[in-house]
Amino acid sequence: MYSKTLDNFADVAAVKAAFSRDKPLAFFISSMMAGAYVGIGIILIFTLGQQVDPSLRSLVMGACFGIALTLVIFAGSDLFTGHTLFMTVGVARGSSDWAGLVRNWVMSWVGNLAGSVLLAWVFWLAGGGQVLKEGADLIYTASAAKMNAPALALIARAALCNWLVCLAIWTSARASSDAAKCILIWWCLFAFIACGFEHSVANMTVFSLALFGNHPPSVSFGGMAYNLLWVTLGNIIGGAGFVGLAYLGASPKEAGETLVATQVPATASAR
């Protein structure tokens, strides 16, 4: 039932593993673009969130974050959280090895961070808009809450987050039309933002913006490192485990696939 999608993802993993190995600079630049694309979504939702009533904030911010993954998928770039799914399937299907997985994850994560910081710096140079203006506090309160949350809570929220992000990637890959892909991406990202889950790459821009601004003592580089450590771990659990390994486990065995394949023509001819 899911073998075709898994085979396609295994092919993607092989391409991404070769890309990061053979053209590391190009892969790093592509990863930077993904970090920046997610950061554009963060700037958008915090701009809007700063201006709406708190009772509507989760709804508005969640409804507007779909631009992030839409840009990543349709423009093309390399997002760490998506690669937790691709590379897990690739290793399981034999199209990549563990060395390729580790190299891909590390390079995409660092590239995403570089792109996020660069975007935040340019936005700060531009004046910070509604996000960093005098009296705006949403970016600081959100950052402080993320930086001081318990480790287990961060891991759990991050696992739930990347479950949804990778489901957006999985379902959009199985959809046939661009409109359907966009709707699926929108729903999954709406859910993760509105529910307050944790995405490592999104947090990179959130924290960078807060640190560039006039932040309180509760926002720090140490807090950023603390959050990203646990959230990255949780994102791996969500993408690799809850989606990648789950669908690998739910796929028919090779013998079962052969049996189904031999039955289909007979069933069709009987109609």
Margin query: So residue 16 passes all but one of these: (1) under 18 Å from residue 67 (Cβ atoms); (2) surrounded by 14 or more Cβ atoms within 10 Å (Cβ to Cβ). Which condition number does it fail?
Written below: (1)
Next item on the list: Run residue 113 past the list (1) under 30 Å from residue 10 (Cα atoms); (2) outside any helix (DSSP H, G or I) and report the number of the one that doesn't hold.
Entry: (2)
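Based on this model, can you work out whether residue 122 counts as over 30 Å from residue 1 (Cα atoms) and either buried (at least 23 other Cβ atoms within 10 Å of the Cβ) or acidic (Asp, Glu) (or both)?
Working: over 30 Å from residue 1 (Cα atoms): yes; either buried (at least 23 other Cβ atoms within 10 Å of the Cβ) or acidic (Asp, Glu) (or both): no.
No, not satisfied.
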Margin query: Take the conditions within 24 Å of residue 94 (Cα to Cα) and basic (Lys, Arg) and apply them to residue 174. Does it pass?
Written below: yes
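Report the residue count in the stretch 171-211 for those that are assigned to a helix (DSSP H, G or I) and either closer than 15 Å to residue 66 by Cα or of a type in the set (Gly, Ala, Ser) (or both). It would help to see each step written out before you state the result.
Step one: list which residues in the stretch 171-211 are assigned to a helix (DSSP H, G or I), which gives 171-174, 178-194, 200-211.
Now drop any that are not either closer than 15 Å to residue 66 by Cα or of a type in the set (Gly, Ala, Ser) (or both), which leaves 171-173, 178-194, 200-202, 208, 210.
Within the stretch 171-211, residues that are assigned to a helix (DSSP H, G or I) and either closer than 15 Å to residue 66 by Cα or of a type in the set (Gly, Ala, Ser) (or both) number 25.
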Note to self: If I filter the stretch 208-237 down to residues being of a type outside the set (A, V, I, L, M) and over 18 Å from residue 150 (Cβ atoms), which single residue comes out as surrounded by the most Cβ atoms within 10 Å (Cβ to Cβ)?
What the structure shows: 208
Notebook entry, point to check: Within the set of pairs 6 or more residues apart or between chains, which connect a residue that is closer than 16 Å to residue 61 by Cα and surrounded by 13 or more Cβ atoms within 10 Å (Cβ to Cβ) inside the stretch 125-150 to a residue that is at pLDDT below 95 and among the aliphatic types (A, V, I, L, M) with Cβ atoms less than 9 Å apart?
Noted result: 130/136
Notebook entry, point to check: List pairs: first in the stretch 10-35 and without any contact (Cβ under 8 Å) to a residue 60 or more places away in the chain and on the phi < 0 side of the Ramachandran plot, second assigned to a helix (DSSP H, G or I) and surrounded by 19 or more Cβ atoms within 10 Å (Cβ to Cβ), Cβ under 7 Å, 6+ apart or cross-chain?
Noted result: 19/27
Check: Do we have any residue at all in the stretch 53-66 that's of a type in the set (A, V, I, L, M, F, W, C) and surrounded by 22 or more Cβ atoms within 10 Å (Cβ to Cβ)?
Finding: yes
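Do you know which residues across the stretch 74-99 are among the small types (Gly, Ala, Ser), in contact (Cβ under 8 Å) with a residue 60 or more places away in the chain and either assigned to a loop (DSSP other than H, G, I, E, B) or on the phi > 0 side of the Ramachandran plot (or both)? Before the answer, list the steps.
Going residue by residue through the stretch 74-99, those that are among the small types (Gly, Ala, Ser) are 75-77, 82, 90, 92, 94-96, 99.
Then drop every residue that is not in contact (Cβ under 8 Å) with a residue 60 or more places away in the chain, which leaves 82, 90, 92, 94-96.
Within the stretch 74-99, 94, 95, 96 qualify.
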Check: Looking at 259, 167, 245, which is the one that is at pLDDT below 95, over 20 Å from residue 141 (Cβ atoms) and part of a helix (DSSP H, G or I)?
Finding: 259
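The values are calculated or read from the model by the stated rules, or taken from the named source; none is laboratory data. No experiment lies behind these values; they were computed from the predicted model shown. Methodologically, a virtual Cβ is constructed for each residue, glycine included, from the backbone with ideal geometry; neighbour enumeration extends over all protein chains shown.
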